[in-house]
Amino acid sequence: MSGAEPDKRNLLPSIVVLVFILGYLVSGYLTLDATTRLVPLLAAAVTLLLLLIDIVQLMFRGSDAEDPHLAEGGGVKVPDASSRELVAIAVVAGGVAAVYLLGFLLAIPLYLFVSIAYLGQQSPRVALIVAALASLTIFLVFELALSYRLYPGVLFS
Amino acid sequence: MADLLLQAAVGVLSPGTLIFLFAGVLVGLVFGVIPGLGGTTALALLLPLTYGMEVSHAFAMAGGIMGAIAMGGSISAILLNAPGTGPSAATCLDGHPLAKQGRAADAIGAVATASPLGGLFGVLTLLIVLPMARDIVLLFGPPEFFLVAVFGIVTVAISSSRNLLRGLVAGGIGLMLSFVGYDTVHGGVRYTFGSDYLWDGIPLIPSLVGLFGMAEMIRLSIEGGTVAADASAVKLDGVWAGVRATLRHWKVVIRGSITGTLIGAIPGVGGTVATFIAYSATKKADRDPDSFGTGRIEGIVAPESANNAKDSGALLPTLAFGIPGSAEMAVFLGILMLHGLQPGPTIFADHEQDIYSLIFALTLSAVLASIIGISCVRWLAAITLVKGQILAPIVIAVSLVGVYAINLTPGDVVLAAVIGVLGYLMLRFNYPRLPLVIALILGETAERGFQQSMMIGRGDLSIFLHSITSITLVVLILLSLTWSFVPLLRKRFAARISGDVS
């Protein structure tokens, strides 16, 4: 066998992309008129075809792309990083939600502290100092030096 | 042209602009030294910050970053055997063995000389080609623009991933996303699902910041750790020996520079390919090729001259056709657009002065980076000791604020974060990001070119074969696709033969 052993878990991202393309095709067909949907649906159909070939290849032969050394930027170098990945993505999502609700000036120090202390596993003191210094620098640069009015958040606007 | 160059030189050398150039060089060196960040991330994070700047200042800063990245990347390649950027990986081959022999200074001296010389060669080539570029671009009508866009997407998809299908799928998704928003050809709104925010399409700048800047930072926060354990092991004495050695090998500098400029001009092929080809060409041409990899100074000079020359090569398709030659150029395209410069045939006529300023900034930044790089090499090496888990959240926070500052729209912050996560997942599951972003940029050009061609040709597809230019482009697209299957077929053939033998 030339490629890596087939692993059904590798199919998951391809299936997510497949669902996205199918949704795009159906939504475009149902909501757009014939002239405006021509090019988008053509692009989606070609992409769908390529993806199906990739999926078939993945199911029956595995794929060379599963080798992280062949991936862009060397791939991600943490084996079985799923739980850390979920936490990292959740922390970013929480940070953005905090920006939306509380505004930058409250959300940034909060995000930095949680990120450094919890995800980065640094001591609370280090996290607090870094969060305070970085937030102060952001405030000085953006609010004072560049005169941007940073978003105050839904709760305070 | 001499007048314009002189004006550009005066503009860039004015104290106000020089400060931004200097700042760009420092940022470029720092981002270059830290493995995994590189020029694309630095430019993506800088992009929103340039919004309030004058065009000349923004170009000086971007030029400073682009010129200094190569130097920074090579410092960590030599000292730590951890290339700060992809193209600097070739420098590891002979640079780190030299460092282990206690001759790191020789290697850094060679980088500091070959890098600006390569940059200078690339810029001179660009200056010669630029006046002709205007005439070349005028040969292009709607069918040619459509084909150029398709060619750009195809070459990037093929070259940015070892898995051709995934590269093309990523390009296809980028195209699909580029159709979101108002249809400029027929009118009507597509795929906005009632959101006013998406009427103008998916904004490029938050997408770039998310896909390149934030995705890399999420990866860094997950992988954690530091690059180097001990910066005190760095030995640095006698840089001038490396400078003299480079000047002695001037033929290697010229060969590397030509390779870098030519390969840089091909969309999507990228700097890493350019530096490795320059390295292997020098190795093949040498009388003692087996000694490469043990600490030959030519093994540093060749890739380094190619590394800086490639930027000028990549600038040509970026400016003339709006087709970025690399990920770095894709982000740079965002900076151009942010400041109202629309790449394409008219850019040379409308913004000649700005372009010459950029070219001058690129040249000067390579020289400045060499001087600063040599002076601050020990401190730069110490940056690699900063923990990823501390660095990543700070950079994410700054980039979110920067993205918001462009339009003062909270939607941009959410979009950058969503695309950042998407970019990370693409990294994780080996989908290349560059084809997606190139297709996102070129989608509108491709669609407009296609629709206008159909109107001109009254629905007849032979319009795409009506001129020598369009026929050449069709042949190039077909050749690129065919050529990309050659390694695959060769591998299958080899596997079959080995199967038969066993």
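Residue-wise HN-Hα couplings along region A:18-27, as the Karplus relation 6.51 cos²θ - 1.76 cosθ + 1.60 with θ = phi - 60° gives them from phi, are 4, 4, 4, 5, 4, x, 4, 5, 5, 4 Hz; Gly and Pro carry x. Here region B:1-25 and region B:53-119 have alpha carbon centers that stand 22 Å from each other. Relative contact order, whole percent, for region B:2-501 stands at 28, derived from Cα pairs under 8 Å and 6 or more residues apart.
Backbone phi angles across region A:48-59, fed through the Karplus curve with coefficients 6.51, -1.76 and 1.60 (θ = phi - 60°), yield HN-Hα couplings of 4, 4, 4, 5, 4, 4, 4, 5, 4, 4, 5, 6 Hz in residue order; Gly and Pro are listed as x. Taking amide hydrogens as placed 1.01 Å from N in the peptide plane, the amide H of B:Ile323 sits under 5 Å from those of B:Thr318, each at least 5 positions away in sequence or on another chain.
Think of chain B as having a plus end and a minus end, set by charges on the Cβ of Lys, Arg, Asp and Glu; of B:Val189, B:Ser257, B:Val12, B:Ser257 sits farthest toward the positive end of this dipole. Projecting label points 7 angstrom from Cα along Cα→Cβ for B:Ile371 and A:Leu42 puts them 5.4 nm apart.
Taking 24 Å as the limit for the C-alpha separation, the pairs B:Lys284/B:Lys310; B:Lys251/B:Lys283; B:Lys283/B:Lys310; B:Lys100/B:Lys310; B:Lys251/B:Lys491 exceed it in the case of B:Lys100/B:Lys310; B:Lys251/B:Lys491. Each of B:Met337, B:Gly459, A:Leu112 was scored by the projection of its Cα onto the charge dipole of the protein assembly as shown, and the greatest displacement toward the positive side belongs to A:Leu112; charges sit on the C-beta of Lys, Arg, Asp and Glu. Peptides B:405-411, B:170-176 ranked from most to least packed, by the mean per-residue count of other Cβ atoms within 10 Å: B:170-176, B:405-411. Panel order for B:Thr318, B:Thr346, by other beta carbons found within 10 Å of each beta carbon, from fewest to most: B:Thr346, B:Thr318. Take each residue of peptide B:448-457, count the partner chain Cβ atoms within 10 Å of its Cβ, and average: the result is 1. Taking trypsin sites (Lys or Arg not before Pro) as exposed when their DSSP state is a loop state and no more than 15 other Cβ atoms lie within 10 Å, the longest site-free interval of chain B runs over B:1-234.
Taking the empirical scaling 2.2 N^0.38 Å for compact globular proteins as reference, region B:412-463 has a Cα radius of gyration ratio of 1.68. On full extension, the segment bounded by B:Met337 and B:Ala241 gains 30.2 nm, given 0.36 nm per residue less the C-alpha separation. Label region B:2-501 by shape, choosing from rounded, prolate and oblate, from the square roots a ≥ b ≥ c of the eigenvalues of the Cα gyration tensor; if a/c is under 1.5 it is rounded, and otherwise prolate applies when a/b is larger than b/c, oblate when it is not. Taking the square roots of the gyration eigenvalues as a ≥ b ≥ c, region B:2-501 is rounded. Each residue, B:Thr192 and B:Ala494, gets one label point 7 Å from its Cα in the Cβ direction; the gap between the two is 5.3 nm. In terms of its alpha-carbon gyration tensor, region B:340-439 comes out oblate; a/c meets the 1.5 threshold, while b/c is at least as large as a/b. Evaluating 6.51 cos²θ - 1.76 cosθ + 1.60 at θ = phi - 60° for every residue in region A:147-157, the Karplus couplings come out as 6, 8, 8, 5, 4, x, x, 4, 6, 10, 9 Hz, glycine and proline recorded as x.
Dividing the summed -39500 (n - 2.57) terms of all DSSP H runs of n ≥ 4 by the residue count of chain B sets its mean residue ellipticity at 222 nm at -24500 deg cm²/dmol.
Rounded to a whole number, what is D in µm²/s for region B:105-165 from Stokes-Einstein with the Kirkwood radius over alpha-carbon pairs (4 °C, 1.567 mPa s)? Here the translational diffusion coefficient equals 86 µm²/s. Here the label points at B:Trp250 and B:Val185, each 7 Å from Cα along the C-beta direction, are separated by 5.3 nm in the simple model.
Averaged over the residues of A:111-123, the number of partner chain Cβ atoms lying within 10 Å of the residue Cβ comes to 4.
Overall, chain B carries a charge dipole of about 1520 debye about its Cα centre when +1 sits on the Cβ of Lys and Arg and -1 on the Cβ of Asp and Glu, all other atoms neutral.
Values quoted throughout were computed directly from the atomic coordinates according to the rules given, and no laboratory measurement underlies them. None of these values were measured; they are calculated from a predicted model. Note that we place each Cβ from the backbone using ideal geometry, even for glycine, and neighbour counts take in every protein chain shown.
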